[in-house]
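Q: Okay, here's the structure, questions in a sec.
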Amino acid sequence: MRLAAARTGIVCGIIFLLCGTVVRGQENAPIKLEVDLRDAVKRVYHANMEFPVKPGKLTLVYPKWIPGEHSPTGAIVDATGLHFRANGKEIAWRRDDVDLFAFHCEVPAGVTSLEVTLDYLLPVESGTAGVPSTSARLAILPWNLVVLYPDGANSDDVKFAPSIRVPEGWKFATALQMSAGSGAKEGAVQFETVSLTALVDSPVLTGAFFKTYDLAPGQKIAHRLNLAADSSAATALTNAELQHMRQLIAEMDTLFNGAKHYRHYDFLLALSDHLQPNGLEHHESSDNRAPERMWLDPDAFETLADLLPHEYFHSWNGKYRRPAGLATRNYQEPMKGDLLWVYEGLTQYYGTMLAARSGLWTAQELRETLAATAAYLNDRPGRTWRDLEDTAISAQILYSARSGGSSWRRSADYYDESTLIWLEADTIIRRESKGQKSLDDFCKKFHGADASIIKVAPYTLDDVVATMNAVAPYDWNKFFEERIHSHGPGAPLGGLANSGWKLTFNETMNDHQRADEESEHAIDVSFSLGFGAHASGGDDANSVIDVIPGSPAANAGIAPGMHLVAVNGRRWSPDILRAAIRAAKNSTEPIELLLENDDYFRVFSLDYHGGERYPHLTATGGADVLSEIAKRHAPAVEK
Ligand SMILES: [Zn+2]
């Protein structure tokens, strides 16, 4: 879909004089970019760009494939107010008929500078076109929302001189460094001139309630946690929480033998219920979004404890080392996600283990999380038609897939299922090397070279296998091939068995699931009746989220999207539903559920008498390798 022709002087050849071009290769003439965030609370960002140009045809493009999102998620629909001007006069532009992210124009003779203005309208709710990045008290600026750049250019070669204006009294943080001696001129903050790659890699977090914590006091390389929240109270960490975050920095230092691929590292964490919880990795920072009460509500924290470790690990795995198919030369070139089970999967594994190593999770919380993960993956009939690799190849469509039907469709399973696969790989290295080596040694070799250099080192599956073999010889090619192409039955649970644990079920609620249910206002009876439902929340209230094919609920005829009304003749609530499951255990009567399906009501009889079932890990009596992996590895940071 993208216009392929790179408009360089060479390509244009003999029609060079007619062929408009942005003057590149002139390091002292970057594209000037001013972004005004002062209307952030009205959900508009204003951008003004000045391109050094030559007369002739010119095509500018809006970023489409966004790094870390692995998808063509560029929010073109909300790029508005577009004007091209030269010497104060309007220049006509025309959108490409096929590639809607491209804008063509003709630069008149004598013109050396093209002014482009653009407004980006921020959505209130997540939908098909972008995600919210503002609340009434904070804003996040991913620069790709507000830039155009020359079609065909390598994003490393395009230089920007960016500046921002933030709302009165708001503070900000970004991995970009302020340009020397610039200060705040007329309220604008000027940053260093950087490549488009570095610009898109360095979002800005700004807000009225802002707090920065030093995560590595006294150390040469700064590590900071920058919080912007919808209230002042939400920015307060306890001493224990701060200590865990500092331990995380120490753990990563130990894991990678001190190798770092950043000048400094800034966690940007926006705490607002008006954002979608998410994290996006960058080399020198990460754009993290979580509920306002993340540090205040233990349930919210329990479900998000691995967010910051995950995004931080990405600085090495994903930003520095990147699958060749994701290491594209600009933001219009399509990405190939087949190795996301390494990019995201290894990161998910280490995000989980580092949350435990740093104390953000207790060993028990880690086990409950792994049990919940293993149980839902083990129950996914979708694997009979779709292997794990296909979930990775399909990343760009699966990220936006709805929850209904997910056990048959499958989701972005290359995150969680790869946690189980990399756990198994870790236990095999430990076994084969008689305890001398572990997956940490793979990380040191694979991610630790070229220490302290910011760059992208692409890799293939062969490179992964070769490094695994260098750590512990084994048939790693076969190991990975079998797991990414498996059609089941069941999830890969070998890592749990090798590490001294097995997946079991009893009637006691799983702690991680309980925290999930509390923060999501939902109930999950997947392992007994076979479905989950929203307990409250707007239009979704009482709706069935998903039904596992072959489960008692599915066999009775219940489907996603129906609305739960009553249990055994009484208006339903999570407690009433659970009580009915318990009561049916000692009865021969079916559980009767009244559901509404598009204005029609029907009673469904579920002949289920197995009682409540929740997943846990139970020790097998073998060596507890899991606790060995999850224990603190770095020296304890001082309180
Ligand atoms: Zn990730």
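The values are calculated or read from the model by the stated rules, or taken from the named source; none is laboratory data. What you see is a predicted model, and the numbers here were worked out from it, not measured in a lab. Note: ideal-geometry Cβ built from the backbone for every residue, glycine included; neighbour counts use all protein chains shown.
Q: Only one of these conditions is not met by SER519: (1) hydroxyl-bearing (Ser, Thr, Tyr); (2) assigned to a helix (DSSP H, G or I); (3) surrounded by fewer than 18 Cβ atoms within 10 Å (Cβ to Cβ). Which number is it?
A: It is condition (3) that SER519 fails.
Q: Restricting to segment 498-531, give me the number of residues that are more than 25 Å from ALA363 (Cα to Cα), among the small types (Gly, Ala, Ser) and under 24 Å from the mean Cα position of the chain (by Cα).
A: Total meeting the criteria: 1.
Q: Another question, if that's okay. Can you name the residue in segment 330-346 that is part of a helix (DSSP H, G or I) and out of contact with any Asp or Glu (no Cβ under 8 Å at 6 or more places or on another chain) and is also nearest to LEU196 (Cα to Cα) among such residues?
A: TYR343
Q: With the structure loaded, tell me whether TYR312 is at negative phi, away from the ligand (no atom under 16 Å from the Cβ) and outside any loop (DSSP other than H, G, I, E, B) or whether it fails that test.
A: Here the answer is no, as TYR312 does not meet what is asked.
Q: Determine, yes or no, whether GLN364 is away from the ligand (no atom under 14 Å from the Cβ) and either touching a residue at least 60 places away in the same chain (Cβ under 8 Å) or within 17 Å of the chain's Cα centre (by Cα) (or both).
A: Yes; evaluated as a whole, the condition is true for this residue.
Q: Let me ask you something else. Counting only residues that are within 23 Å of GLY279 (Cβ to Cβ) and within 15 Å of the ligand (Cβ to nearest atom), give me the helices (runs of 4 or more DSSP H) lying completely in segment 373-420 with at least 2 of them. Full working, then the answer.
A: Details: elements: 388-393, 395-398, 406-409.
The qualifying helices (runs of 4 or more DSSP H) are 388-393, 395-398.
Q: Please work out if LEU370 is within 22 Å of ASN257 (Cα to Cα), of a type in the set (A, V, I, L, M, F, W, C) and in contact (Cβ under 8 Å) with a residue 24 or more places away in the chain.
A: No: the conditions fail for LEU370.
Q: Same structure again: Please enumerate the residues belonging to segment 321-337 that are touching a strand residue (DSSP E or B) at 6+ places or on another chain (Cβ under 7 Å) and within 14 Å of the ligand (Cβ to nearest atom).
A: ARG321, ARG322, PRO323
Q: May I ask you to list the residues in segment 609-635 that are farther than 21 Å from GLY435 by Cα and either assigned to a loop (DSSP other than H, G, I, E, B) or free of Cβ contacts under 8 Å to residues at least 60 places away in the same chain (or both)?
A: HIS609, GLY610, GLY611, GLU612, ARG613
Q: Sticking with this structure for a sec: How many residues does segment 49-75 hold that are farther than 13 Å from CYS105 by Cα, surrounded by fewer than 20 Cβ atoms within 10 Å (Cβ to Cβ) and either of a type in the set (Asp, Glu) or away from the ligand (no atom under 16 Å from the Cβ) (or both)?
A: Residues meeting the conditions: 4.
Q: Would you mind listing the strands (runs of 3 or more DSSP E) fully within segment 74-193 where at least 3 residues are at pLDDT 95 or above?
A: 79-86, 89-91, 93-95, 102-107, 113-121, 138-141, 159-165, 171-174
Q: Farther than 15 Å from GLY448 by Cα, within 15 Å of the ligand (Cβ to nearest atom), surrounded by fewer than 23 Cβ atoms within 10 Å (Cβ to Cβ) and touching a residue at least 40 places away in the same chain (Cβ under 8 Å), is that true of LEU280?
A: When the stated conditions are applied, LEU280 passes them.
Q: Here is a further query. Output the residues belonging to segment 283-299 that are within 16 Å of the ligand (Cβ to nearest atom) and not in a loop (DSSP other than H, G, I, E, B).
A: SER285, SER286, ASP287, ASN288, ARG289, ALA290
Q: Would you confirm, using the coordinates I've provided, whether GLY325 is in a helix (DSSP H, G or I), free of Cβ contacts under 8 Å to residues at least 40 places away in the same chain, over 15 Å from the mean Cα position of the chain (by Cα) and under 23 Å from PRO560 (Cα atoms)?
A: Working: in a helix (DSSP H, G or I): yes; free of Cβ contacts under 8 Å to residues at least 40 places away in the same chain: yes; over 15 Å from the mean Cα position of the chain (by Cα): yes; under 23 Å from PRO560 (Cα atoms): no.
No.
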